[in-house]
Amino acid sequence: MKNIRKLYALLLSSSLLALLIPGTAFAREKIEEISLNFSADLDADEEWPAVRVSGDEEGYLIDDFKFQVNQSEKYPQGVVTLIADDDYYFGTIKASNCTLEGEGAVYVKAIKKTSSQLNLTVSFREMGDGQIQSPSSLGWLRDGSVFWDRIPAAKAYQVRLMKDGKSLIPESLETTGCSFDFSSHITAPGNYYFRVRAISRYNASTTSEWVNSPTYQVDEASLAHIQADSPQPPDTPGRWIFDNNVWYWENPDGNRASSQWVFYNGGRYYLNADAGMATGWNWIKGSDGLSRCYYFNSASGGELGRLYTNSTAPDGSAVNEDGAWILNGVVQTR
């Protein structure tokens, strides 16, 4: 009887060990490879398209997919949630363990929430195939504001203001909305139009074709209305200080501004690289890498250093609405 009890106890303990020790018939199988295919529905009128995720799903199922809508990467990213079957668990998943196809999908990272749940982050390098539609229904408001129709796949828009066929602003301006206020740039009668193009939400290097608006013919009456409604830019935070016969602009942190534009009392001023106020003619480099020549009042008094705009400098040279020197109507650059 004692031998029978010992044998029973031995069999029972062996069964328990088989459940606990990996490598036995009761152990779960490790998932070491992931294979997924992605397909986005870009025809729907949505900012973020529906994405279908499929795969061989051997040992796991595809539970969920969500875009990371607040990320600032060049390409959109999304997270796929995978759940292991009862008899499986996830091993370490690296880029070399993943086969991803469709929409230019590229492995970013894989995080195991538990042994049975894996969150796989994927970057989509070809979503939208590099195409985005151009804005439509472009129009003007009487106060100098412009508008166009929203494009769901657009992250932002670039706009340019044109007058009599020439650009009034050296570089494109960018906005995330579907309107823009050009009133502060409309300072003289003429034929104005604007250009706009969309920047893809799915690929920051993909833009639409430029589209031109209808012409807005600004006469003296229209100009007066625009200027009456046009807000003046706020003064730059800080103050003027006079030191050793030179005017400087002191920022709120106590440092002197240098190579910087300053708005003050309705005028524009510029502080050179040595922090001194610019006067007379000065070549200033723009964000596009080109330098343009500007004239700043050199006469002593309350207007010292103020930028000349839409007028003629003391030497007879003309400057446009932005203060840039023009010759035969063409902005001079170097």
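The values are calculated or read from the model by the stated rules, or taken from the named source; none is laboratory data. Computed from a predicted model, the values in this text were never measured in an experiment. Methodologically, a virtual Cβ is constructed for each residue, glycine included, from the backbone with ideal geometry; neighbour enumeration extends over all protein chains shown. Side chains are part of the model used for accessible areas, which takes the heavy atoms of the whole protein and leaves out ligands, DNA and RNA. Shrake-Rupley method; radii C 1.70, N 1.55, O 1.52, S 1.80 Å.
Rank Met127, Asn212, Gly91 by how far each Cα sits towards the positive end of the charge dipole of the stretch 86-228 (+1 on Lys, Arg Cβ; -1 on Asp, Glu Cβ) and give me just the farthest.
Gly91
With contacts defined as alpha carbon pairs under 8 Å and 6 or more residues apart, what's the relative contact order of the stretch 114-265 in percent?
Reported relative contact order: 22 percent.
Toward the positive end of the charge dipole of the chain, about the Cα centre and with charges on Cβ (Lys, Arg +1; Asp, Glu -1), which of Ser298, Gly329, Val79 goes farthest?
The residue sitting most towards the positive pole is Val79.
What dipole magnitude, in Debye to the nearest 20, does the stretch 242-334 give about its Cα centre under +1 on Lys/Arg Cβ and -1 on Asp/Glu Cβ?
Result for the stretch 242-334 is approximately 180 debye, rounded to the nearest 20.
Rounded to the nearest 0.05, what FRET efficiency is calculated for Asp235 and Ile62 with R0 set to 56 Å and r the Cβ-Cβ distance?
Calculated value: 0.50.
In the Gaussian network model of the chain, springs joining C-alpha atoms below 10 Å, which of Gln158, Gln77, Gln117 carries the largest mean-square fluctuation?
Of the options given, Gln117 has the highest mean-square fluctuation.
Name the long-range amide H neighbours of Tyr89: under 5 Å, sequence gap of 5 or more, or other chain; modelled H, no Pro or chain starts.
Result for Tyr89 returns Glu29, Lys30, Ile31.
Using the Cα atoms of the stretch 69-111, I'd like the radius of gyration and the largest Cα-Cα distance, Dmax, both in angstrom.
12.6, 39
To the nearest 20 debye, what charge dipole does the chain have about its Cα centre, counting +1 at the Cβ of each Lys and Arg and -1 at the Cβ of each Asp and Glu?
The dipole magnitude comes to about 1080 debye.
Please give me the summed charge of the neighbours of Phe38: other residues whose Cβ is under 9 Å from its Cβ, Lys and Arg +1, Asp and Glu -1.
-1
Average projected area of the Cα convex hull of the chain, in nm²?
Directional mean of the projected Cα hull area for the chain stands at 28.2 nm².
To the nearest 10 Å², what's Lys109's accessible area with a 1.4 Å probe?
Roughly 100 Å² of Lys109 is accessible to a 1.4 Å probe.
Relative to the longest principal axis of the chain, what angle (0 to 90°, nearest 10) does the C-alpha long axis of helix 220-229 take?
Orientation of helix 220-229: about 50 degrees from the principal axis.
Given N residues in the stretch 96-163, what is Rg(Cα) / (2.2 N^0.38 Å)?
Against the empirical 2.2 N^0.38 Å value, I get 1.87 for the stretch 96-163.
Can you compute the equivalent ellipsoid semi-axes for the stretch 146-233, i.e. the square root of 5 times each eigenvalue of the Cα gyration tensor, sorted largest first and rounded to whole Å?
With the √(5λ) rule applied to the stretch 146-233, the semi-axes are 26, 13, 11 Å.
Can you give the Rg/Rh ratio of the stretch 287-334, where Rg is from the C-alpha atoms and Rh is the Kirkwood radius?
Rounded to two decimals, Rg/Rh equals 1.00.
Taking the Cβ of Asn265 as the center, what net charge do the other residues with Cβ under 11 Å away carry, scoring Lys and Arg +1 and Asp and Glu -1?
Counting the neighbours of Asn265, the net charge comes to 0.
If you take the beta carbon distance between Ser291 and Thr215 as r and set R0 to 25 Å, what does 1/(1 + (r/R0)^6) give as a FRET efficiency, to the nearest 0.05?
Approximately 0.20, to the nearest 0.05.
Can you check what the Kirkwood hydrodynamic radius comes to for the stretch 246-334, Cα pairs only, in Å to one decimal?
13.4 Å
How high is the FRET efficiency from Glu171 to Asp85, r the C-beta distance, R0 45 Å, rounded to 0.05?
0.20
What distance in nm lies between label points placed 7 Å from Cα along the C-beta direction at Ala299 and Ser179?
The modelled label-to-label distance comes out at 4.1 nm.
Please report the spacing between the Cα centers of the stretch 148-200 and the stretch 37-111 in Å, no decimals.
37 Å
When only Cα pairs under 8 Å and 6 or more residues apart are kept, what is the percent relative contact order across the chain?
With pairs under 8 Å counted, the relative contact order is 10 percent.
Rounding to the nearest 10 and keeping the result within 0 to 90°, find how far the Cα-based axis of helix 2-20 lies from the longest principal axis of the chain.
On a 0 to 90 degree scale, this one is about 20.
Stretch Ser134-Gln227 to full length: gain in nm at 0.36 nm per residue minus the Cα-Cα span?
30.4 nm
Give me the net charge for the shell around Tyr294: Cβ to Cβ below 10 angstrom, other residues only, Lys and Arg +1, Asp and Glu -1.
Computed value for this residue: +1.
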